[in-house]
Amino acid sequence: MTDLFSKFDPMIQMRADLLATGVTDPFGLVMEKVISPTVAICNGRETILLGTYNYMGQTFDPDVIAAGKKALDDFGSGTTGSRVLNGTYSPHRDVEEALKEFYGMDHAMVFSTGYQANLGIISTIAGKGDYIVLDIDSHASIWDGCKMGDAEVVPFKHNDIEAMEKRLRRIPEGAGKLVVLEGVYSMLGDIAPLKDMIAIARKYGAMVLVDEAHSMGFIGPNGRGVAEEQGCLDDVDFVIGTFSKSVGTVGGFCVSNHPKFEIMRLVCRPYVFTASLPPSVVATAATSVRKLMHAADKRAHLWENSRTLHKGLRDSGFQLGTDEPQSAIISVIMPDLERGAMMWEALLHEGLYVNLARPPATPANMTLLRCSLCALHTADQVQTIIGMFQRAGKTAGIL
Amino acid sequence: MDRAATAEKIAALIAPFNKKDIAVTDATSFAGDLEFDSLTVMDFVAAIEDEFDIIISMNAQAEIETYGQLVDAVVKLQG
C-alpha cells in the first residue's frame, strides 16, 4: 500500500529538525486567557499581542459584546442551515445593510469566512474560457478560488504594473477578464498601486476584484481601504473583505455595485452549500462595522503606532519588509527559519507574541516576524515592544 | 516560427537558469533535472512569454514538465 501521507515527509522532517533545536513550537501557541485586544496569558506568562489581526481593537468593545449577547438570547446559538434555506435571520440581513452603508455600495453578501468569500466569488464569476490575471503574491484563498474555477489563470510579478499590462494585452479578443488585486499584501505589509493598475485593467476591459481584508477600518478617509485612499474605489467591481480582522469576529463578504450581483446567492457554491454564521457573530459584526464608520481617533492612533514601531525597529538595526510604514503590518525579515524561530522564542520569553511566517506562505522563501499593530496598543506598549525586540535580537544573534 | 527555431530560442532562454549546465534534451524536466523552484518558474515563464508574445497560463503550465513539451506548447500557442 502506498502511504498517501508520504508526500508530507519533507514537511514532517523540516518540522522535526526545527523542534530538535529545542525551540518552542511556533505553531502550537495557546492563549489561556485573553485580557484585552492587546494582552493575553500565553504559557502562563502575560504577553503583549503583536501578531493578531485585531487592528481596530473591537473584540472587547462593550457595544459589540452586548449586541452578540442579545442575539444569542434572541436567536439562539446557531442557524443550522444555509443562507438560501433556513439560515438567514434578520441579523444576517442587518449586517449586509451595515456593509452597504460602510462602503456606500448597492449589494453586500456575507460568507461564513473571508476564505470562502474569495473562494466563492472568484471561482463563480470567472468560468471556462475567461482569464484571471492576478498578483503572484496573492493570498491562498485567491489561489484556491482560481483552482476551483475553470478559468485560465495568469499570474504576474508582485505589484509589477508593466507585467500585468503585458498579460492583459495578450489575452485573446473577446475573452472575459478578471483582474484580482489586494489592497494590503499581508506578508510584507506593503500596499498595491491600485489606481494605476485598475486604470490599466479598465483600459483592457477587465473587471476588477480587490481584496481589502488588511485595510478595512483604517486605510482611506472612511476606512474603506486602499482603493478609497487612492481614489479609485468607484472603478472596483468587487471588494472582498472579512470580519476576522478590524471587525473583530469571523466571516467574509463581497460588496459590489454590479446590477446583477444578487444572482450570486444562488450560483455561488461556497455560499450555498455551507451553514450561515451564528446570529451572535453577525450581530457583533454589524455593530462593529457601524462603529468603524466613526473611528477616526482610533484610526489616527493606529497609524501613529505603525510609524513609531517602524522607525524604532529600523533604527535598532532590523531589516524591514517596507522602507516606510504602509499599513498596520510591520514585517521583520529574518536571515533563515532557524534563527527566525529562535528570535520568535526569545520574544515570547520577553512577553511578546508576533507571527512567525515561513515559506510557502511568504514571498521569495523569506522567514518573517510579522508584527501587526492594534489601535489599542498604547504608546508605552509600543516603546516596550521596541525594547523587547532589541533584547531578543541580541539573544538570537540577529542584531 | 517552426519547431527547430522555437526550440533554439527556448534553449537560449533556459541557459541563464541552468545553473548546473545540464545538457538539455526533449526529455529534460524543469522540476527534476533543472531543479527549477517556483520563483525560477515564474521568471522563466515570463521570459518565454515576453520572447514569443504569448500567455502560458497556470493551467497550461500544469501540463508542461519537460523541455520538449514546452517547445510543443509554444509552437502551438504561436498559432
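Points worth noting:
- R0 of 45 Å, Cβ-Cβ distance residue B:22-residue A:29: FRET efficiency to nearest 0.05: 0.55
- Extension gain for residue A:14 to residue A:384 (0.36 nm times residue separation, less C-alpha to C-alpha distance): 129.9 nm.
- Note on residue A:275 and residue A:202: with the Förster distance fixed at 41 Å, the Cβ-Cβ geometry gives a FRET efficiency of about 0.65.
- Difference of contour (0.36 nm per residue) and Cα-Cα distance, residue A:6 to residue A:46: 10.4 nm
- Inter-label distance for residue B:8 and residue B:43, nm, one decimal - labels placed 7 Å from Cα along Cα-to-Cβ: 2.6
- With at most 14 neighbouring Cβ atoms within 10 Å, loop trypsin sites (Lys or Arg not before Pro) (DSSP) excluded, longest segment of chain B: B:21-79
- Calculated mean residue ellipticity at 222 nm for the protein assembly as shown: -13000 deg cm²/dmol, from DSSP H runs with n ≥ 4 weighted as -39500 (n - 2.57), summed, divided by the residue count and rounded to 500.
- Averaged over the residues of peptide B:47-58, the number of Cβ atoms from other protein chains lying within 10 Å of each residue's Cβ is 4.
- Burial order of peptide ranges A:130-143, B:40-53 (average beta-carbon count within 10 Å, highest first): A:130-143, B:40-53
- Cross-link table A:394/B:20; A:128/B:19; A:157/B:76; A:7/B:9; A:69/A:195, entries beyond 30 Å C-alpha to C-alpha: A:394/B:20; A:128/B:19; A:7/B:9; A:69/A:195
- Counting Cβ atoms of other protein chains within 10 Å of each residue's Cβ and taking the mean over peptide A:165-174 gives 2.
- Taking 19 Å as the straight-line reach from the Cα of residue A:311, the aspartates and glutamates in range (excluding those fewer than 8 positions away in the same chain) are A:190, A:323, A:324, A:380.
- Only aspartates and glutamates eight or more places from residue A:291 in sequence, or on another chain, were considered; those with a Cα closer than 13 Å are A:61, A:63, A:101.
- Under Stokes-Einstein, with the Kirkwood radius over Cα pairs as Rh, the value for the protein assembly as shown at 25 °C and 0.890 mPa s is 102 µm²/s.
- Label sites at residue B:54 and residue A:258, each approximated as a point 7 angstrom past Cα along Cα to Cβ, lie 3.1 nm apart.
- Overall, chain A carries a charge dipole of about 180 debye about its Cα centre when +1 sits on the Cβ of Lys and Arg and -1 on the Cβ of Asp and Glu, all other atoms neutral.
- Qualifying trypsin sites (Lys or Arg not before Pro) for the range A:89-143 [loop in DSSP, other Cβ within 10 Å: at most 11]: A:128
- Cleavage-rule hits (chymotrypsin sites (Phe, Trp or Tyr not before Pro)) in the range A:195-246: DSSP loop, at most 16 neighbouring Cβ within 10 angstrom: A:204
- Averaged over A:140-151, number of beta-carbon atoms from partner chains that fall within 10 Å: 1
Every number here is computed from the coordinates shown, using simple stated rules; none is lab data. On a predicted model such as this, the values are computed, not experimentally measured, just so you know. Ideal geometry is used to build each Cβ from the backbone, glycine not excepted, and the neighbour counts take in all protein chains shown.
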